[in-house]
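The values are calculated or read from the model by the stated rules, or taken from the named source; none is laboratory data. What you see is a predicted model; the values in this text were computed from it and never measured. Please note: Cβ atoms are built from the backbone with ideal geometry, for glycine as well, and neighbour counts cover all protein chains shown.
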Amino acid sequence: MLRENTPTLTVIIPVFNEEECIQETIKRLEVVRECMHDKAELEFLFVDDGSQDRSWQILSELTIDSKHMKAVSFARNFGHQIAVSAGIDMASGDYVAIMDADLQDPPEVLQEMLALAMDGYDVVYGIRRSRNGDTLFKKKSAELFYRAMSYLCEIDIPKDTGDFRILSRRVVDVLKSMRERHRFIRGMIPWVGFKSIGYEYDRDIRFAGKTKYTLRKMFRFAFDSVLSFSLKPLALVTRLGIIVVLSGLFGAAYMLYLKLFTDVPVAGVTATILTVIIFGGVQILLIALVGEYVARIFDEAKGRPLYVIAEKRNI
Ligand code: UDP
Ligand code: MG
């Protein structure tokens, strides 16, 4: 029997073409739910991010006669971060967990993570002690990405983390009020603050299927995260501008000196053309960078909803 004050834990699971994984994921989640029943009441909230395979069909069937299985589907693929955000909007639990559908984040560790959360930590984030399934390229690019982010952002983003974590209700409520379009959830959470703690776990290999984060999606995510989270690129550009202007002035003064006070011939057209080309390129890059920020303002100004819901089950 459930005690009256048993807290509820909503587990958000974003799903994109995971027909091979879902059933196994649910099976393992159900076991965890059984094990934890005296500590917390678990409910599962699946967000189908516009799957093209049978994922939604499977989810619809499974939610029919279940109270603790909830599901919602998007009208198209909006991306992992948006799917998680929709989950955060709709989760009703006292605690909220975010977990991938491919069993790379083992559901069993939710028990210990929830214990930490109930001890008073508002954010319990999973730290990847090992990353079994990931390729060397993924590991290296992730490392580089985290190093760049920690340099570029004022906010401390813990290394070797993903979105696998448990949040308290008050963190979730703040997150719900943050409506920016270009979302980098693992940076938004430390921005909110509160007490947080890492929990080390071994990241498994994907249960089945292929990664849904294609190289293109990964790069866009990295690029987007930096630009939506940091104004430092603009500050760096200002510094670069100052250096370029100063060296230009210095060069001009030097050539003027050569021309007026010595017989040394001043270098010809080649140098001039090279300079023009190089700085022309630099200028294009800088304008493009400013453009990236303007584009983001444009995107935000439209004020469109973050996602479009097609269907809901048990919500
Ligand atoms: N996912 C999603 N929308 C997307 C891409 C991925 O909802 O556009 C989900 C996917 O189903 C999985 C989670 O996000 O549950 C993480 O994706 P994946 O395992 O492919 O990424 P990886 O672990 O390789 O970084
Ligand atoms: Mg995965």
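Give me the residue from segment 87-114 that is touching a Leu at 6+ places or on another chain (Cβ under 7 Å) and in a helix (DSSP H, G or I) and, out of that set, nearest to ligand 2 (Cβ to nearest atom). Once the filter is applied, the top-ranked residue is Pro107.
Scanning segment 115-137 for residues that are assigned to a helix (DSSP H, G or I) and either more than 16 Å from ligand 2 (Cβ to nearest atom) or closer than 29 Å to Val172 by Cα (or both) yields a total of 5.
For Phe207, state whether it is under 29 Å from Glu18 (Cα atoms), in contact with a Ser or Thr (Cβ under 9 Å, 6 or more places away or on another chain) and either surrounded by 12 or more Cβ atoms within 10 Å (Cβ to Cβ) or of a type in the set (A, V, I, L, M, F, W, C) (or both). Answer is yes for this residue. Comparison of Phe250, Phe229, Phe219 shows that the only residue that is of a type in the set (Phe, Trp, Tyr) and modelled with pLDDT of 85 or more is Phe219.
Under 6 Å by Cβ, and 6 or more places apart or on different chains, what pairs join a residue from segment 47-61 that is under 14 Å from Ile26 (Cβ atoms) with one that is among the aliphatic types (A, V, I, L, M) and within 8 Å of ligand 1 (Cβ to nearest atom)? Short answer, once both residue conditions are applied: Asp48/Val15; Ser55/Val15. Within segment 51-72, the residues that satisfy the criterion of being surrounded by 17 or more Cβ atoms within 10 Å (Cβ to Cβ) and either within 11 Å of ligand 1 (Cβ to nearest atom) or closer than 28 Å to Thr6 by Cα (or both) are Ser51, Ser55, Leu59, Leu62, Thr63, His68, Met69, Lys70, Ala71, Val72. Taking first residues from segment 124-138 that are more than 21 Å from Gly187 (Cα to Cα) and partners that are more than 11 Å from ligand 2 (Cβ to nearest atom) and of a type outside the set (D, E, K, R), the Cβ contacts under 8 Å between residues at least 6 apart in sequence or on separate chains come to Asp134/Ala142.
Condition first: more than 18 Å from the chain's Cα centre (by Cα) and either assigned to a loop (DSSP other than H, G, I, E, B) or among the aliphatic types (A, V, I, L, M) (or both). Now tell me which residues in segment 180-226 satisfy that. Those that are more than 18 Å from the chain's Cα centre (by Cα) and either assigned to a loop (DSSP other than H, G, I, E, B) or among the aliphatic types (A, V, I, L, M) (or both): Phe194, Lys195, Ile197, Asp204, Ile205, Arg206, Phe207, Ala208, Gly209, Lys210. Scanning segment 34-57 for residues that are within 15 Å of Val96 (Cβ to Cβ) and either in contact with a His (Cβ under 7 Å, 6 or more places away or on another chain) or within 16 Å of ligand 2 (Cβ to nearest atom) (or both) yields Leu42, Glu43, Phe44, Phe46, Val47.
Give me a count of the residues in segment 154-172 that are outside any strand (DSSP E or B) and either modelled with pLDDT of 85 or more or surrounded by 14 or more Cβ atoms within 10 Å (Cβ to Cβ) (or both).
Kept after step one, since they are outside any strand (DSSP E or B), are these residues of segment 154-172: 154-160, 169-172.
Next, only the ones that are either modelled with pLDDT of 85 or more or surrounded by 14 or more Cβ atoms within 10 Å (Cβ to Cβ) (or both) stay: 155, 157-160, 169-172.
Total meeting the criteria: 9.
In segment 76-103, the residues that are farther than 21 Å from Glu30 by Cα and charged (D, E, K, R) reach residues that are in a loop (DSSP other than H, G, I, E, B) and within 13 Å of ligand 1 (Cβ to nearest atom) with C-beta atoms within less than 6 angstrom, at least six apart or across chains, in these pairs: Arg76/Gly50. For segment 84-118, a residue qualifies if it is among the hydroxyl-bearing types (Ser, Thr, Tyr) and either surrounded by 23 or more Cβ atoms within 10 Å (Cβ to Cβ) or within 15 Å of ligand 1 (Cβ to nearest atom) (or both), and the qualifying residues are Ser85, Tyr95. Taken as a whole, the condition of being more than 16 Å from ligand 2 (Cβ to nearest atom), hydroxyl-bearing (Ser, Thr, Tyr), surrounded by fewer than 16 Cβ atoms within 10 Å (Cβ to Cβ) and not in a strand (DSSP E or B) applies to Tyr151. Looking across segment 261-311, just one residue is exposed (fewer than 12 other Cβ atoms within 10 Å of the Cβ), of a type in the set (Lys, Arg) and part of a helix (DSSP H, G or I), and that is Lys302.
Conditions (1) touching a Lys or Arg at 6+ places or on another chain (Cβ under 6 Å); (2) within 11 Å of ligand 1 (Cβ to nearest atom); (3) within 13 Å of Tyr125 (Cα to Cα), marked per residue:
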position: Val174; (1), (2), (3): no, no, no
position: Glu180; (1), (2), (3): no, no, no
position: Ile185; (1), (2), (3): no, no, yes
position: Ile189; (1), (2), (3): no, no, yes
position: Tyr199; (1), (2), (3): no, no, yes
position: Phe207; (1), (2), (3): no, yes, no
position: Tyr213; (1), (2), (3): no, yes, no
position: Met218; (1), (2), (3): no, yes, no
position: Phe221; (1), (2), (3): no, yes, no
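Picking from residues in segment 4-16 that are away from ligand 2 (no atom under 12 Å from the Cβ) and in contact (Cβ under 8 Å) with a residue 24 or more places away in the chain, the one that is farthest from Gln52 (Cα to Cα) is Thr6.
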